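A.B. asks: Got a structure for you, written out below as structure tokens; questions coming shortly.
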Amino acid sequence: MKYLLLYFPLLFCMHCQPAAQSSPAAMALPAPDYPFTGHITADEKMHGLTFVAPPEPFPENPMPAVKSVNASWISVVPYAFTRSGVPNVRFSEHGGQWWGERPEGVRETIRQAHAHDIKVMLKPQVYVPRGWTGALDFPTDADWEQWEAAYERYILRFAALADSTGAELFCIGTEFNVAIQKRPQYWTNLIAKIRNVYRGKLTYSANWDDWERVPFWKELDYIGLGGYFPLVEAVTPEVKDLQTAWKPIFERLKTFSQKQERPVLFTEFGYLSVDGCGWRNWELERGIEERNINEQAQANCLEAFFATYQPESWWAGGFLWKWFPNMRGHEGYPERDYTPQGKLGEKTLRAWYGKH
């Protein structure tokens with residue numbers, strides 16, 4: 001999300017060793033079928049949750065709660081770390097980050113998901129403290145090449161992990177607005193390298209204001225983007241007003257999907273449960289502890305979102321930001337956070353994810 005300041009407490013990064021060989025689950029993943037015909041059935045839609053990595057192993061199995069809201073997918077997000085202006089991607093397999101982000105935690109999360117017939121998108125993501133990946137930039141080609149080599153090591157190790165665990169979808173990057181415009185050939189080459197390691201389907205997570213400028217959608221399987229569009233600037237926006245605000249965005253996405261011959265996937269979408277959450281949620285994160293709780297506003301935003309996109313055959317689904325397994329890993333304000341757990345929005349989510 002643009003200018004997202006409160007993703008998690010400062011997380012250090014990690015990597016995993018490449019798998020020696022791929023598992024039978026990975027071998028069974030379907031090959032891409034193009035051109036996309038524009039017909040994704042209700043059963044094929046990704047009813048997803050973004051799983052927040054817990055600091056320690058799960059105290060109890062978190063997957064029944066996922067199933068209880070009729071979710072069929074989770075997104076697993078192992079973070080890496082880049083400081084603004086420093087051409088490096090830091091990650092450590094031996095510590096410095098929460099259990100759920102370390103290789104053993106990622107593998108165990110995927111194993112438990114698959115044991116409950118839940119599919120997985122593995123979405124390695126770079127965190128820039130006091131900054132944003134979309135603005136990440138370097139003054140020289142040498143700096144860019146140094147950062148790109150580090151990012152490649154990080155992403156290919158997780159691509160190998162995705163293949164060895166049979167993760168059904170892999171996200172090659174998130175919100176690199178400047179990087180993909182300045183260095184498009186790097187990303188095209190990286191996609192080819194990932195496909196040599198991972199045999200499942202691929203996407204990229206564009207920022208909500210940048211998806212039309214991504215040059216490599218036809219190299220991927222899904223047009224991925226964050227769904228944090230500012231819609232209605234009201235304390236408690238009405239569903240009908242939100243749906244009206246979605247219409248021009250909806251039409252652009254539909255046309256773009258047809259042009260690119262790829263389905264649209266919301267790699268992230270969600271709303272804080274506070275006043276005004278139909279507008280610029282990343283701005284509401286500042287001073288979140290002081291904002292008025294408004295579960296109805298969150299529920300209305302979710303209702304309008306699903307009513308707009310769920311019926312569409314060119315829409316592949318999405319991953320709700322965010323879901324705390326066993327309600328662990330939150331930053332101290334879950335009643336205001338994006339999660340709908342225990343709120344009115346949970347009922348909305350359950351109802352829409354249960355429609356087939």
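We did not get these values from a lab; they are worked out from the coordinates using the rules stated. Because the structure is a prediction, the values reported are computed rather than measured. Because the Cβ atoms are built from the backbone with ideal geometry, glycine has one as well, and the counts that use them run over all protein chains shown.
A.B. asks: Going by average Cβ neighbours within 10 Å, how do the peptides 104-110, 258-264 rank, with the highest at the top?
C.D. replies: Descending mean neighbour count gives 104-110, 258-264.
A.B. asks: Among Y151, Y309, Y333, determine the one that fluctuates most according to a GNM of the chain built with springs between C-alpha atoms less than 10 Å apart.
C.D. replies: Highest fluctuation among the options: Y333.
A.B. asks: Which whole-number percentage describes the relative contact order of the chain, with Cα contacts under 8 Å and a sequence gap of 6 or more?
C.D. replies: Relative CO of the chain lands at 23 percent.
A.B. asks: Excluding same-chain residues fewer than 8 positions from K240, which lysines have a Cα within less than 22 Å of its Cα?
C.D. replies: Partners found: K254, K343, K347, K355.
A.B. asks: Ok, one more. With springs connecting C-alpha atoms under 10 Å apart, model the chain as a Gaussian network and identify which of E238, E212, E331 has the largest mean-square fluctuation.
C.D. replies: Looking only at E238, E212, E331, the biggest GNM fluctuation is shown by E331.
A.B. asks: Would you calculate a helix-derived [θ] at 222 nm for the chain, using -39,500 (n - 2.57) for each DSSP H run of n ≥ 4 and dividing by the full residue count, to the nearest 500?
C.D. replies: -10500 deg cm²/dmol, from helical runs alone.
A.B. asks: Right, something else. Setting aside same-chain residues fewer than 8 positions from K45, which aspartates and glutamates have a Cα under 20 Å from its Cα?
C.D. replies: Leaving aside aspartates and glutamates fewer than 8 places away in the same chain, those within reach of K45 are D33, D117, E168, D221, E251, E261, E268, E303, E312, E346.
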